[in-house]
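What follows is a short report on a single structure.
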Amino acid sequence: MPGPKDLDPSSSPRAMIGAELRHARERKGLSQEQLGQVLFVSGSFIGQLEAGTRRMQPEYARLLDEALDTGDFFARNCLAAAKSKYPEHFAEAAEAEAQATTIREYSPLLIPGLLQTPEYARAVFRAYRPTEPARQLDELVSVRMSRAALLDDPTDLVLWVVVDEAALRRVTGGRAVMAEAVRYLADTSRQHRAIVQVLPFEAGAHAAMEGPIRLMDFADAPPVVYFEGVGTGRLEDDPTTVRQRQRTFELLTACALSPAKSLVLLDAVAQDYAHEKHP
C-alpha cells in the first residue's frame, strides 16, 4: 500500500502545518493512532490534520507542542493556518472540499452551493441577512462563486448531488432567477461536470427526511461527513457515523430519478419558470 502523499508546505499555511506535524510525529516514532491517544482524538483525525483537510485548533496545538517537543511552533502558527475567507461555521468544510476527490451531497431545501448561480446565491444570502449592506453581500456571493472553480476539471473532483424537488419548486429570488438557476443545474449535468439526481415528491418518505447530507472523500485522509444547521457546522470523521451517512446517501440515490430522467425534469421546470407557468 503506498504511503501518504507528501504535502507541498508552500501551497498554504495549513499544508505547512500538516507537513510539520507529520515530520514531528515521525521523528518521535509515533503512529497517528498513538498521537491521537495523547489528544483524545482518533488516528484519522491526526491524518486529516497532516493532510491539511482539518484545521488546527489552539487547544490541540498546545497539546501537540507538548507531546512532540516542538516548543510553541504549533501554538504560534495555528492561528495563521485558521484564517479563512469563509464564515466561521463553514470554513473548515469549504477548505476540506477543495482537497476532496469526491463530494456526495443531498440538499433538501436549496440548490447546493457549488451549483448555485450568482443571483440565486444573492437571494439566499439576502433572505437570512436582510439588513446586510450590498457591498458585503457582493463579497459573500463572490466567495461562494469562487468555490465553483473546483468543477473546472471534473476529473479532479467527482461531485454527486441529489436535489430534492422542494428545492426546485421554492421560488427563490423570483421566477427569472429560478429559471436561470435550474437551467444552470441542468447544463452542469448535461456537460458531465457533476452527477445530478432529483428526488421527486412522488418518492414519498425517504432515508434522509431529517436533513441534508454532505460526504467528502480524500486521496490521503479518511472520509468525513459535514453536519450543518442554521449558522453552525462541524466535520465528523467517526467511521461508524460516516458509514451510516454513506448508506443513507445510497438509499437516496435508489429513490431518486436517474440522471437522465432528472435532466428531463430540470429542463421542464426551467422552461416553466421562464414562461411563468410554474405554480
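For the reader, a short list of remarks on this structure follows.
- Residues (open to solvent by 10 Å² or more (accessible area, probe 1.4 Å), part of a helix (DSSP H, G or I) and not polar (S, T, N, Q)) located in the stretch 66-80: E66, A67, F73, A75, R76, L79, A80
- Single match in V182, V225, V264, V269 (criterion: surrounded by fewer than 18 Cβ atoms within 10 Å (Cβ to Cβ) and β-branched (V, I, T)): V264
This table checks each residue for (1) modelled with pLDDT of 95 or more; (2) within 22 Å of D267 (Cα to Cα).
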position	(1), (2)
A127	no, no
P133	no, no
D138	no, no
V141	no, no
R147	no, no
L151	no, yes
T155	no, no
V161	yes, yes
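- The set of residues in the stretch 152-175 being in a helix (DSSP H, G or I) and buried (at least 17 other Cβ atoms within 10 Å of the Cβ) consists of E165, A167, L168.
- Selection from the stretch 237-252 of residues that are assigned to a helix (DSSP H, G or I) and crowded, with 17+ Cβ neighbours inside 10 Å: V242, R245, T248, F249, L252
- Among residues of the stretch 21-39 that are within 13 Å of L49 (Cβ to Cβ), those with a Cβ under 8 angstrom from a residue that is part of a helix (DSSP H, G or I) and β-branched (V, I, T), sequence gap 6+ or separate chain, pair up as L21/I46; R25/I46; Q32/I46; L35/I46; G36/I46; L39/I46.
- None of L251, L185, L215 is within 13 Å of V163 (Cα to Cα) and modelled with pLDDT of 95 or more except L185.
- Whichever residue in the stretch 195-211 is open to solvent by 10 Å² or more (accessible area, probe 1.4 Å), in a loop (DSSP other than H, G, I, E, B) and at negative phi and, among such residues, is modelled with the lowest pLDDT: E210
The values are calculated or read from the model by the stated rules, or taken from the named source; none is laboratory data. What you are looking at is a predicted structure, and each value in this text was computed from that prediction instead of being measured. Reconstructed Cβ throughout: ideal geometry from the backbone, glycine too, with neighbour counts over all protein chains shown. Ligands, DNA and RNA are stripped out before the accessible areas are found, and what is left, the full protein with its side chains, is counted by its heavy atoms. Shrake-Rupley method; radii C 1.70, N 1.55, O 1.52, S 1.80 Å.
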